[in-house]
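Student: Here it is, the structure, as structure tokens.
The values are calculated or read from the model by the stated rules, or taken from the named source; none is laboratory data. From a predicted model like this one, the values you see are computed outputs, not experimental measurements. Virtual Cβ from ideal backbone geometry, glycine too; neighbours counted across all protein chains shown. For accessibility, only protein heavy atoms count, side chains too; no ligands or nucleic acids. Shrake-Rupley method; radii C 1.70, N 1.55, O 1.52, S 1.80 Å.
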Amino acid sequence: MAYESSVPYRAGTEGYPSFRIPAVVRTRSGTVLAVAEGRVSSAARAPLTLRAGRDGGLTRPTAQPVSGLPAACSDLVRLDPETVGPLHETGGFSAYSTITFRRIPVEEPR
């Protein structure tokens, strides 16, 4: 059986040698949101990035940072039709200083 697939993150793109700890959630209208930690080296954390695919997840625009701090995603949930929430490690002192929950509004296509 053949399955449809896409590649939301590819190592060596957008200034990140690798991406780790991905998560995906689908909105009511079909927008597929993918979040992943961009790694600048094998040990260094980089800002958490978010992509929104408006065609069921087949393509996605450039990744947008969730915050400017180094982070790692632990989970991503849809809170309601207009909002998602990543729960992730982050912090100003180190990427492991806090576990933070952030509400991110999702703009649905009209």
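Student: Can you tell me how many residues within segment 60-110 are farther than 26 Å from Thr13 by Cα, of a type in the set (Lys, Arg) and modelled with pLDDT of 80 or more?
Tutor: Matching residues across segment 60-110 total 2.
Student: Now, a different point. Given the criteria touching a strand residue (DSSP E or B) at 6+ places or on another chain (Cβ under 8 Å), surrounded by fewer than 20 Cβ atoms within 10 Å (Cβ to Cβ), part of a strand (DSSP E or B) and β-branched (Val, Ile, Thr), does Val25 qualify?
Tutor: Against the criterion (touching a strand residue (DSSP E or B) at 6+ places or on another chain (Cβ under 8 Å), surrounded by fewer than 20 Cβ atoms within 10 Å (Cβ to Cβ), part of a strand (DSSP E or B) and β-branched (Val, Ile, Thr)), Val25 qualifies.
Student: Just the residues that are within 16 Å of Pro61 (Cα to Cα) and open to solvent by 10 Å² or more (accessible area, probe 1.4 Å), please, taken from segment 31-41.
Tutor: Val32
Student: Hey, another quick one. Considering only residues that are open to solvent by less than 70 Å² (accessible area, probe 1.4 Å) and hydroxyl-bearing (Ser, Thr, Tyr), which ones fall in segment 67-85?
Tutor: Ser67, Thr83
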